[in-house]
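Read the structure below first, then the notes.
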Amino acid sequence: MAVLKIILTPQPAGARARSGVAATTSESTIKSQFRFEGALALISQAFGNQILGQLTNVLVALLTPAALVALVFGMWRVCTDLGWAGVFVISGGFFSHWQVWIALSIGLKMLSSMLIAWGSRTAKFSEEN
């Protein structure tokens, strides 16, 4: 179960007055925190830690090439927009924009990095116990 938590944090006047740009910002900053621990705990109870570690390794192995493919599609679309490449394979719709592909690539790579970090923390924890 993934939970999105949004916290409004008021900033003191000194923190906003560092630069002219920061002084024009709003008085509260929205911090979003994604909490996936509940989902991972539920999966680990269902499958066990051994299988979950293997599943994490498989996901990392698949997410990194998927991020690279998304980056290549994004760069292809940028080159098409600049006139350096031929026609892009997706001509219309949501996935016809290069920003979507670049954001997807960044998101997939971040997810892969989070899974690697989670796997190493889990391995250290299980070694200690």
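The values are calculated or read from the model by the stated rules, or taken from the named source; none is laboratory data. Quick caveat, the model's predicted, so the values are computed rather than measured. With ideal geometry, Cβ positions are generated from the backbone for all residues, glycine too; neighbour counts draw on all protein chains shown.
Can you tell me which of ALA46, ALA61, ALA67, ALA22 is at pLDDT below 65 and among the hydrophobic types (A, V, I, L, M, F, W, C)? Working first, answer last.
On the way: ALA46 fails: at pLDDT below 65; ALA61 fails: at pLDDT below 65; ALA67 fails: at pLDDT below 65.
Unique residue meeting the criteria: ALA22.
A residue that is assigned to a helix (DSSP H, G or I), out of contact with any Leu (no Cβ under 8 Å at 6 or more places or on another chain), in contact (Cβ under 8 Å) with a residue 60 or more places away in the chain and of a type outside the set (A, V, I, L, M, F, W, C) can be found somewhere in the range 107-125. Note on the range 114-129: residues that are at pLDDT 75 or above, surrounded by fewer than 16 Cβ atoms within 10 Å (Cβ to Cβ) and small (Gly, Ala, Ser) amount to 2.
Which one is nearest to the chain's Cα centre (by Cα), of the residues in the range 79-99 that are of a type in the set (S, T, N, Q) and in a helix (DSSP H, G or I)? So that I can check it myself, show each step before the final result.
First, the residues of the range 79-99 that are of a type in the set (S, T, N, Q): 80, 91, 96, 99.
Of the ones still in play, those that are also in a helix (DSSP H, G or I) are 80, 96, 99.
Values: THR80: 26, SER96: 21, GLN99: 15 Å.
The residue in question is GLN99.
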